[in-house]
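The values are calculated or read from the model by the stated rules, or taken from the named source; none is laboratory data. Since this is a predicted model, take the numbers as computed values, not measurements. Here the Cβ positions follow ideal geometry from the backbone for every residue, glycine too, while neighbour counts run over all protein chains shown. Surface accessibility is based on the protein's heavy atoms, side chains included, excluding ligands, DNA and RNA. Shrake-Rupley method; radii C 1.70, N 1.55, O 1.52, S 1.80 Å.
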Amino acid sequence: MTGAQLGIAAWHSLQLAERELLAFAAFWFALGMLDELGLDLVWIGLRLRGRIPTPRLPRGFGAAPLAGRAAVLIPAWREAPVIAATLHHALTVWPQRELTIYAGVYHNDRETLAAAIAGAGDDPRVRLVALGRAGPTTKADCLNRLYAAMRSDETRGAFAYRSVTLHDAEDMVHPCALAAIDAGLDSADFVQLPVRPEIVPGSRWVSAHYADEFAEAHAKAMVVRGALGAAIPAAGVGCGFARD
């Protein structure tokens, strides 16, 4: 076989591989489209039958006392630009005295520690927990340390939290979120509140796509999953768990 014939054979092999890969990709794209179409059809059906109402919360709902103690876990590594505003905002819009915010910081991240202290002020509802190891580790490692601190407080105080809620260091919480999670745990073990990402003006392609994904997942997919009795995925923020 000549060099030209080898080249032609190799070209045909590449074309065959391309067709096979395109067919493989097209199959999974089509399957994904059918999945999305099914989700849309179920959502439209639920809307037409009035099974997706938008309830109105009563005035003062967010400030109502909780049914039990609530712990909010916030891991933070190099979050000095945002953690102070996050803590101050949460303490302002959540007046409940049954709340304790556990903020995890690292001993080698003094800027975040100082910002967290400033955001907490003299509010006793904030518990700053310093990790023994140097950061960064992982979000899970920080959350585990916060969970251990929470359990230690329960043991020393001879009490138990009713709920544990996860948030990130930049989250601007809704005034009714804590009360909504507390109320939802009357009939469920896990509550996921809708999350709305803010558009970043300098990153509209990425942040707008991110916001669209959350809008689709939280305003449609979670609603359909709830109606069908399917599992609800956790967003990692705005999610509350029954302590048990």
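Observations on the model:
- Evaluated against (1) surrounded by 10 or more Cβ atoms within 10 Å (Cβ to Cβ); (2) assigned to a helix (DSSP H, G or I), PRO65 falls short on exactly one condition, (2).
- Scan of the stretch 210-232 for residues that are part of a loop (DSSP other than H, G, I, E, B) and exposed (fewer than 14 other Cβ atoms within 10 Å of the Cβ), ordered by number: GLY229, ALA230, ALA231
- Among (1) touching a helix residue (DSSP H, G or I) at 6+ places or on another chain (Cβ under 8 Å); (2) in a helix (DSSP H, G or I); (3) within 13 Å of VAL72 (Cα to Cα); (4) hydrophobic (A, V, I, L, M, F, W, C) - the single one ALA115 does not satisfy: (3)
- Residue in the stretch 120-134 that is over 18 Å from ILE83 (Cα atoms) and open to solvent by 60 Å² or more (accessible area, probe 1.4 Å) present: yes
- Output for the stretch 83-103, where each listed residue is of a type in the set (Phe, Trp, Tyr) and either in a loop (DSSP other than H, G, I, E, B) or at pLDDT below 95 (or both): TRP94
- For ARG162, the requirement of being in contact with a strand residue (DSSP E or B) (Cβ under 7 Å, 6 or more places away or on another chain), within 21 Å of GLU79 (Cβ to Cβ) and either free of Cβ contacts under 8 Å to residues at least 24 places away in the same chain or not small (Gly, Ala, Ser) (or both) is not met.
- Among the candidates ALA169, ALA148, ALA160, residue that is open to solvent by less than 60 Å² (accessible area, probe 1.4 Å), of a type in the set (Gly, Ala, Ser) and not in a helix (DSSP H, G or I): ALA169
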